[in-house]
Each structure stands twice: as C-alpha cells, then as structure tokens.
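Here the structure comes first, spelled out in structure tokens, and everything after it is commentary.
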Amino acid sequence: MTQASQPPSALTGGFRFDNSWHRDLPGTYVEQAPDSAPAPQLLVLNHRLAAALGLESAVLAQNPGWFAGGAVPEGAAPMALAYAGHQFGGFSPQLGDGRAHLIGEHFAPDGKRWDIQLKGSGRTPFSRGGDGKAALGPMLREYLISEAMAALGVPTTRSLAVALTGEDVRREAGRLPGAVVTRVAASHLRVGSLQFWAARGDHDTLARVVDYAIARHDPDLVGQDGRYFAFFDRVTARQARLAAAWMGLGFVHGVLNTDNVALSGETIDYGPCAFMEAYAPGTVFSSIDHQGRYAYANQPHILAWNLAKLAESLLPLLGDADAAVQVLNDRLSGVADLYHDEWLAVMRDKLALDGAQDGDADLAKGFLAAMEGQGADWTLAFRRLAEAEAGDTTPLRALFADSARLDLWLPLWRARLRPDAASHLRAVNPLVIPRNHMVEAALQAAEQGDLAPFTALLAQVTDPYTDRPGREAFALPAPSGFGDYVTFCGT
C-alpha cells in the first residue's frame, strides 16, 4: 500500500484525506457520488469524535450536504466497495455497498487512518433493486448503539453524524424521514471482501486486497514470508476478543454474516442488534433469524464458522493446497479454546476474581446457571454483585424468581474476590446500557420530530458506569407490558 509519507495538509473542515484504497486497489470498487439530498439538515453531530479526528465542528455544522449527500468535502473520493458474503449460511457472490459510499480515508492528528463512510446515501451498482436509502430510525439506532459500545470499551465502528435528506423513504411502516449516518471505521475490509475475489478465481486481485489489509491493520507483517497465515491468526485473535466482549455485555449482533465480519476486529453494522435483558442463551432479536442462527449463545460458534470462510478465501495464496489445508484446520480447531480463554478473561474481570485459578470457568458458569430461567437481568445481576460483596444481597436476590442456586453460589464467589472487589465491580459492569424499550421510544419520538428523548438517552449510554442520582429509570429493564423485542435491518 502506497501510504502518504506524512499526513496531508488539512483541507476545509480539517479533513486530511489520503485515499489509498482508491489509489491502490483499482477494480475493487465503483467510483460513485452519493445521491443529492433535496433539503439536507444535520440532525446529530458527534463533537467529541470530531475533535478526536481533528475536524472542525463549526465548519461541519455549516455543511450538512457533506453528511446527507449531494456534496462531499474537499479531497474526498467517493466510491462503493465490492464484496461478497455468506448470509444466513447461503453464499451471495456479489453484495457490495448497496446503500453506502466510502468518501475517503482521513488522517487523525495521531496519524491513524480512518474510513469515512456515508450509509443510506443512495443507489449504487450493488443495490440489487433496493433504493439505496435509509430511514431516520435505523440511522439513529446505529449512532446510539455504536457510541454506547465505544463507551463500554468494545472495538467498534463509530458514528460522526446523522443527517436528514429532506425526502421520505418507503418502508413497510409507510413513509418515513430519510436519513444518512456517517460511519467512521478503521477500515471497511470484511471477510466478504476476500470472498468476492476468491469466488471469482482472481487470485492476483485477492493477493492485492489481502496485502492491502495487512498494510492497514498489521503493518509489521508487510512483505514477510508466511504473512498470510500470520494475518489469519491476527484476525482470529481480534474476532475472539470481540465476541467475548459482546458476550460479557449480553450484546446480540443479530446479523453475523461474513460481510459483517470486519478484518479490523471492530463491530460493524448495527441493524437488528440489541442487548439481552433477562438471561436466556437462545435470545434472538432479528425479525428474520427464524432458526436462531445468530442467537446470543451461538455467536462464538458463528465466529468459528466465519473464520473458516476466511480460511477458505486465503487458501489460494498459501502455496501447497494440502499442506495449507492442514495448517488452517489446525488453527481452526483451536478457535474454540482461544475464544474460551478470552471469555474467561472477561468473566474473571466482571466477577472481580483475584488472579486466575483452575475452577474459575466453573465458577462463572455457576453464576450463569443460577440466572438462567429465573428472569434475572444480565446487566443488573453483574452490577449488583458490588452490593452483594458488601454484604447486602437483597438487591441482587430481587432479580431472581428463585434464588436458591444463587445462594449456594455466593460463598464460592466470595472466596475468590480481589481486595478491591466492590469498586472494581462498579468499574467494569455497566449501570446503563441502551435498554430496548428506551431505544424504541427515542427513535419513535425522533421520527415525529422530537429529538429530546434520543439526546437524553445518548447522554446516559455514553456514560455507562457512573453512579449518580436520577439514573434509575435508565438502568431498569423494560416493563412487563413491553413484550418480546423484535428488530429489523432497515432496508
């Protein structure tokens, strides 16, 4: 990858574009400008993220067309990327950016390179009959959940802005306000980015894309013998850490297709996602996941499945096929243990265990077994361990329909606690997550022109750990009348 020798000079608004994908990977994208927006309006701007990126919020606010379509910042090179993907297990050889435009790669003040992408910005050659647009609700959802995940310390794409386009889109719910979210990512390289070229037998382009991915995410491997095996190991490690982080928070991604597995290890695509409340391993939120393929407890297994598809895509670059298959199979056989180690590290942290002992996995599973079937809220159960550690088990026990198994578990847990357990438990277990009923209420109000509930919820979920008065309503699960929660992809 021919990177700029030094970050380019700042352009209007503070953008410093060096568009290496556009320059280095011709043929892997279609040059495409976003659709024009008849009445662009900047609805939400992430001032903190803008500052971290070295962007000038005042200038951004004066240019809503940059975020709604019809205009791009100076130095941008908008394009739609090609990729394939397994969707619910079935392979689609051509997907691509059907409603998104990568407008450029921006250098932040610390020298890091970030993709700036518009989502919901119009049709491309990859739209497959879709309108390329997005409704306001799903775009605000992506902003809200991605920023909550960032505050929770989970590797994630970020959201810089949400803008109204000034035109409605047609969906099953009727006519809805059209909107665009601006996504910031370490890159938009996916497992599907490699599958696209492997499926076509274009091994030269496949090698260029993989070498580009290595230069973006693992530059110490550039030019090394064995770099493709090493790159597979790096991606595997990142995905194992990511899945463990999701599981620790009760997060259900909902659509873990291979085109939604980022090689960077960031969470990408916040469509039918949600946070589990009452602990139930089979929890599914997606309206189209009828078989539970992407249920909460299945996420680690899908991780391994998707990594197998990554391995298949890399195979043409690995020399002797039989030897490469053996090496990759050996690596894939170790994915479950790698994930388990990452999960156990997360659970030791969430339970405030002192060091590491052989029985810790059983101890962690014992807490989950005590919760299962009891209606115990995942987030609050871990949070209220701090009070239980101090001797008051009443708030924790109140979450359980039957606390008999919990009462047997608590003494075993107390015997393993670190000296600063109470403060540690509050520091690592969030008080506030994006509660599903509040997310829906905020999005519905925004669609009616009232952004206040969204703004209030955003302020809460981006400060997830702090105890302070007035947060109680944001910390509680949905009322009993809320019913089963169903999410949609928004297309």
Q: Go through segment 101-151 and give me each residue that's within 30 Å of Gln448 (Cα to Cα), assigned to a strand (DSSP E or B) and open to solvent by 10 Å² or more (accessible area, probe 1.4 Å).
A: Lys119, Lys133
**Q.** Residue satisfying condition, being under 22 Å from Gly90 (Cβ atoms), of a type outside the set (Asp, Glu), without any contact (Cβ under 8 Å) to a residue 60 or more places away in the chain and in contact with a Gly (Cβ under 7 Å, 6 or more places away or on another chain), within set Ala308, Ala295
**A.** Ala295
Q) Given (1) open to solvent by less than 70 Å² (accessible area, probe 1.4 Å); (2) under 17 Å from Val180 (Cα atoms); (3) touching a residue at least 60 places away in the same chain (Cβ under 8 Å), where does Pro38 come up short, assuming only one miss? A) (1)
Q: Count, please, the residues in segment 328-350 that happen to be hydrophobic (A, V, I, L, M, F, W, C) and open to solvent by 50 Å² or more (accessible area, probe 1.4 Å).
A: 3
Q: Please work out if Thr283 is open to solvent by less than 20 Å² (accessible area, probe 1.4 Å), not hydrophobic (A, V, I, L, M, F, W, C) and not in a strand (DSSP E or B).
A: no
Q: Could you tell me whether segment 358-368 includes any residue that is under 20 Å from the mean Cα position of the chain (by Cα), closer than 20 Å to Leu242 by Cβ, surrounded by 14 or more Cβ atoms within 10 Å (Cβ to Cβ) and modelled with pLDDT of 95 or more?
A: no
Q: Those residues that are among the small types (Gly, Ala, Ser), open to solvent by 20 Å² or more (accessible area, probe 1.4 Å) and under 26 Å from the mean Cα position of the chain (by Cα), I need them from segment 6-35; list them, please.
A: Ala33
(Q) Of everything in segment 65-89, what is open to solvent by 30 Å² or more (accessible area, probe 1.4 Å) and either at pLDDT 95 or above or farther than 30 Å from Ile302 by Cα (or both)? Give them in sequence order. (A) Gly70, Ala71, Val72, Glu74, Gly75
Q) Would you say Thr491 is open to solvent by 30 Å² or more (accessible area, probe 1.4 Å) and modelled with pLDDT under 95? A) yes
Q: Give the number of residues within segment 185-203 that are within 17 Å of Arg216 (Cα to Cα) and of a type in the set (D, E, K, R).
A: 1
**Q.** Subset of segment 392-411 (residues that are aliphatic (A, V, I, L, M) and either touching a helix residue (DSSP H, G or I) at 6+ places or on another chain (Cβ under 6 Å) or open to solvent by less than 80 Å² (accessible area, probe 1.4 Å) (or both))
**A.** Leu396, Ala398, Leu399, Ala404, Leu406, Leu410
Q) Within segment 152-170, can you find the residues that are open to solvent by 30 Å² or more (accessible area, probe 1.4 Å) and either over 15 Å from Gly271 (Cα atoms) or part of a helix (DSSP H, G or I) (or both)? A) Gly153, Pro155, Leu164, Gly166, Glu167, Asp168, Arg170
Q.
With the requirement that a residue be under 26 Å from the mean Cα position of the chain (by Cα) and small (Gly, Ala, Ser), what does segment 369-385 give you?
A. Ala376, Ala381
Q) Taking the stated definitions as given, is Gly96 assigned to a loop (DSSP other than H, G, I, E, B), at positive phi and either of a type in the set (Asp, Glu) or modelled with pLDDT of 95 or more (or both)? A) yes
Q. Of all helices (runs of 4 or more DSSP H) completely enclosed by segment 319-380, which ones contain at least 3 residues that are under 30 Å from Ile433 (Cα atoms)?
A. 335-351, 360-371
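Quick grid of which residues meet (1) surrounded by fewer than 22 Cβ atoms within 10 Å (Cβ to Cβ); (2) in a helix (DSSP H, G or I); (3) among the hydroxyl-bearing types (Ser, Thr, Tyr); (4) touching a residue at least 12 places away in the same chain (Cβ under 8 Å):
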site	(1), (2), (3), (4)
Trp413	yes, yes, no, yes
Arg426	yes, yes, no, yes
Val432	no, no, no, yes
Met438	no, yes, no, yes
Leu443	yes, yes, no, yes
Gly449	yes, no, no, no
Pro453	yes, yes, no, yes
Leu458	yes, yes, no, yes
Asp467	yes, no, no, yes
Q | Unique residue being among the hydroxyl-bearing types (Ser, Thr, Tyr) and closer than 30 Å to Ala84 by Cα when the list is Ser20, Ser9 | A | Ser20
(Q) Taking the condition of being farther than 27 Å from His217 by Cβ, of a type in the set (Gly, Ala, Ser) and within 25 Å of the chain's Cα centre (by Cα), how many residues in segment 36-60 meet it? (A) 1
Q.
Can you say whether Ala185 is surrounded by 17 or more Cβ atoms within 10 Å (Cβ to Cβ) and closer than 30 Å to Gly129 by Cβ, as far as the supplied structure shows?
A. yes
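The values are calculated or read from the model by the stated rules, or taken from the named source; none is laboratory data. Source: prediction; values computed, not measured. Cβ atoms come from the backbone with ideal geometry, glycine included; neighbour counts cover every protein chain shown. Keep in mind that these areas ignore ligands, DNA and RNA; they rest on the heavy atoms of the full protein, side chains included. Shrake-Rupley method; radii C 1.70, N 1.55, O 1.52, S 1.80 Å.
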